[in-house]
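The structure appears right after this line, and notes come after that.
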Amino acid sequence: MLPCLILDVSQEGFRLRGDFRLRRGQLVELIAEDAPLSSVQCEVIWSGKAGSGHEGEVGLQAVVR
């Protein structure tokens, strides 16, 4: 488990900021601190490049199962 900050939420997914290295296409499980029993399976769609305004951010798309 890695802590992160949820910056944005939409019907399709999330934008997070944190100190982690995720790759495009990687599957992750997002568990919100205020709802630990409710998780969302997601796929990493993009990852902010080092030195850019989005460094440390990732875009996740919810995966429907």
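The values are calculated or read from the model by the stated rules, or taken from the named source; none is laboratory data. All of these numbers come straight from a predicted model, not from anything done at the bench. Cβ: placed from backbone, ideal geometry, glycine included. Neighbour counts: every protein chain shown. The protein model used for the area step is the full one, side chains on, heavy atoms only, and it has no ligands, DNA or RNA in it. Shrake-Rupley method; radii C 1.70, N 1.55, O 1.52, S 1.80 Å.
Computed over protein heavy atoms with a 1.4 Å probe, the carbon and sulfur contribution to the accessible area of the chain reaches 51%.
Under the simplified labelling scheme, the residue 41-residue 11 pair shows an inter-label distance of 2.2 nm, with each label point 7 Å from Cα along Cα→Cβ.
For the chain, a simple Cβ point-charge model (Lys and Arg +1, Asp and Glu -1, everything else neutral) yields a dipole of about 300 debye relative to the Cα centre. If you sort 22, 5 by accessible surface, 1.4 Å probe, largest first, the order is 5, 22. The mean sequence distance of close C-alpha pairs (under 8 Å, at least 6 residues apart), as a share of the length of the chain, puts its relative contact order at 31 percent. When 43, 57 are compared by accessible area at a 1.4 angstrom probe, the order from most to least is 43, 57.
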